Amino acid sequence: MRRRKALQSIAMGIGGVATLSHCNTFIASVPQLKEKDEQFIGLISESILPSKSTSFPTPEPRLEFLVNQLEGGLTSAQFEEYKLGLEEFKKSIDDSYAPAFDILSTDQQYEMLTKALASEGSLGFFMQKTKQWSLRHFITSENYMTNYLGYEFMPNRYLGCVPV
């Protein structure tokens, strides 16, 4: 019995040393946006595609989905380009003599969004990504997938015991 316990201890020790030698203590820093910028991105996303949580419920709010995509779906260079596009969009709002984006009328918001979507560079990248993620959040809602796309979890409907 003692031999078995000794062998288990030796095996655990060797396994621990082997795994510790390959562990990396470097923790990558996730790029962060300011809370104010996150709220602004949520406002832009709602302007692109208004969310109707009662008709198309999702497990997470759209803003949370966008922030998750930002933090995990972009390289650091793409994230910096996204932030530059965000700053350019804010500057274009300031240049239009509007005090804030949410104060603009729906037509003015639509006009600013279409101009930004048509532009090149970081502003276009920012708007394309925000639009893409807003649509993805809507399209991946359960109600949309089952009622409009005919999605079923199983590859074919299971009918159980059916006489042949």
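Here are a few things to note about the model shown:
- Intensity falloff of segment 71-164 expressed as log10 I(q)/I(0), Debye formula with alpha-carbon point scatterers, at q = 0.12, 0.20, 0.21, 0.24 Å⁻¹: -0.56, -1.01, -1.06, -1.17
- Our summary gives the chain a relative contact order of 28 percent, counting only alpha carbon pairs under 8 angstrom and 6 or more residues apart.
- Residue-averaged 222 nm ellipticity for the chain, from DSSP H runs of 4+ at -39500 (n - 2.57), nearest 500: -21000 deg cm²/dmol
- A Gaussian network model of the chain, with springs between Cα atoms under 10 Å, assigns the largest mean-square fluctuation among I41, I103, I139 to I103.
- Seen from a random direction on average, the alpha-carbon convex hull of the chain projects onto 19.8 square nanometres.
- Low-density loop cleavage sites - chymotrypsin sites (Phe, Trp or Tyr not before Pro) in segment 72-113, where at most 11 other Cβ are within 10 Å (DSSP): Y97
- Dipole in debye (nearest 20) - segment 35-147, about Cα centre, beta carbon charges: Lys, Arg +1; Asp, Glu -1: 300
- Estimated vicinal HN-Hα couplings, Hz - segment 77-88 in sequence order (Karplus 6.51, -1.76, 1.60; Gly, Pro = x): 5, 5, 5, 5, 5, 4, 5, 4, x, 4, 5, 5
No value in this document is a laboratory result; all are computed from the given coordinates. Quantities reported herein were computed from a predicted structural model and do not represent experimental measurements. No Cβ is skipped: glycine too gets one built from the backbone with ideal geometry, and neighbour counts run over all protein chains shown.
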